[in-house]
Amino acid sequence: MQSADVIVIGAGVAGLSTAMQLALRGASVIVLERERIGNGSTGRAAGLLGQLRGNVEHTRMLIDGIEIVRQLEKTTGTEIFVQTGSLRVAETPERAAEIASLVAMGKSIGFDIEHLPASEVAKKLPYMRTDDLLDACYCPTDGHLQPAELVSGYLKVGKDCGVQYKTNSPVIEILHAGGRVQGVRTAEGEYHAPKVVNAGGPWSYLNAELANATLPTAAIGHYYLTTRPDPNHPVDRMSPAIRDRELRLYTRPESGGLIVGIYDAEPDQHNMRKLPVDFDMSRMKAARDSIQVARLLEATNARFPWIDERTPMTITTGIMTFTPDARPFCGEMPDLEGLYHCAGFSGHGIVQSPTIGLIMSQLILDGQSSYDCESIEADRYFELPGYMTRADIERRCFEMAGNYYTKIEKATPVATGHA
Ligand SMILES: NCCCC(=O)O
């Protein structure tokens, strides 16, 4: 039996960042990972870093996350953040209005964002079709995080601060008594701690069930393609990321080619309980004849006519963790003290992880955060009718995932600038 101040279940970016921040504050931490470090959703992520959200507080969290990453880069001597800038494009008047509201909100908090006429988009992105665009905006401080380098950074700092990492150690029981957590059990034995973090990604709802809790997350499939370098369509390493929400696409440069991902209308749903205990997400293969791949290729071809099914490419599939409102769950539930959830990043785990780790460490060590966490509180669906059975939860998460990119964001400018 070992003990620590905090046990973290899951060594994806959320768990690793939380463990690092806790250890930087002097807490003793054990991370228990069911398989290998960074090999779940983290290992299948494209890593886009877009800071601007319809919600000012989320935008502030993402802006602050870059500072944490810059510090990690200094400590590790590794490039993690590739600041390519990003564009958001609009093909319809509704999307153009959405962009106008995002630009107004961004400017109201001092965020670097500007309108970009479609003619200018063509200059920045000669490999993209632009003749159907009505408007665009450009965020020069966006880009992407390199997931493997981010994992290495969290790990290095965590190890230097004494975090213990145990791989191939699935948690099979969450120990609790009298409404308080006491630790966890794995096949190798018990680990005792008064605080346990459920950072299990798509397995997070099963971890919650180990404590008789209901966490409304669901495991949703995701696909992106990566083209090989094509001399006829060079993609510069610093070419901006693109979000085309009408076509459900995001893109970024990768090794001379282009990553193009889709938030599909009808994504795969996964039942994590049915996967083998040693399930390895890096071995997931995308079926080239699946409807999701067909829709990815069709939408990609509409924006990048030089990419079609004959283009040399790899197709990556993985599993994301969605919630009914696409926002994560961070914190405790009312009925079990000491069990902190940190899951449900809905395809944005890499980019949210730097600040989320900080927030989790504050919640765990101080009982409160310097950020306004209302929109990400873990108990916001607690015992709420319609969010209590797996069937209801999966339906709501699936609907959110299917509509996630197409819903129009309503950004509200703030009058007072951010703190
Ligand atoms: N994981 C994909 C993120 C897409 C986006 O930042 O919009």
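Data for the structure
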item: Single match in Phe322, Phe329, Phe345, Phe304 (criterion: more than 22 Å from the chain's Cα centre (by Cα) and among the aromatic types (Phe, Trp, Tyr)); result: Phe304
item: Members of the stretch 310-323 that are of a type outside the set (A, V, I, L, M, F, W, C) and either crowded, with 24+ Cβ neighbours inside 10 Å or assigned to a strand (DSSP E or B) (or both); result: Thr314, Thr316, Thr317, Gly318, Thr321, Thr323
item: Filter result (of a type in the set (A, V, I, L, M), farther than 16 Å from Ala219 by Cβ, in contact with a helix residue (DSSP H, G or I) (Cβ under 7 Å, 6 or more places away or on another chain) and assigned to a loop (DSSP other than H, G, I, E, B)) within the stretch 1-47; result: Ala27, Ile37
item: Residue within the stretch 327-344 that is modelled with pLDDT of 95 or more, of a type in the set (A, V, I, L, M) and farther than 30 Å from Ala177 by Cβ present; result: no
item: Pair list, Cβ under 7 Å, 6 or more apart: the stretch 39-60 residue within 9 Å of the ligand (Cβ to nearest atom), other residue of a type in the set (D, E, K, R); result: Ala46/Arg252; Leu48/Arg252; Leu49/Asp142; Gly50/Asp142; Gly50/Arg243
item: Qualifying residues in the stretch 12-51 (those that are more than 29 Å from Ile242 (Cα to Cα) and small (Gly, Ala, Ser)) - the one surrounded by the fewest Cβ atoms within 10 Å (Cβ to Cβ); result: Gly26
item: Cross-chain or 6+ apart pairs with Cβ under 7 Å, the stretch 343-361 first and at negative phi, then near the ligand (Cβ under 8 Å from one of its atoms) and polar (S, T, N, Q); result: none
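A quick yes/no check of all residues on (1) surrounded by 15 or more Cβ atoms within 10 Å (Cβ to Cβ); (2) touching an Asp or Glu at 6+ places or on another chain (Cβ under 7 Å); (3) modelled with pLDDT under 95; (4) assigned to a loop (DSSP other than H, G, I, E, B):
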position	(1), (2), (3), (4)
Thr84	yes, no, no, yes
Arg88	yes, no, no, no
Asp112	yes, no, no, yes
Tyr127	yes, no, no, yes
Thr130	yes, no, no, yes
Thr141	yes, yes, no, yes
Val151	yes, no, no, no
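The values are calculated or read from the model by the stated rules, or taken from the named source; none is laboratory data. Remember, it's a predicted structure, so these values are computed and weren't measured experimentally. Virtual Cβ from ideal backbone geometry, glycine too; neighbours counted across all protein chains shown.
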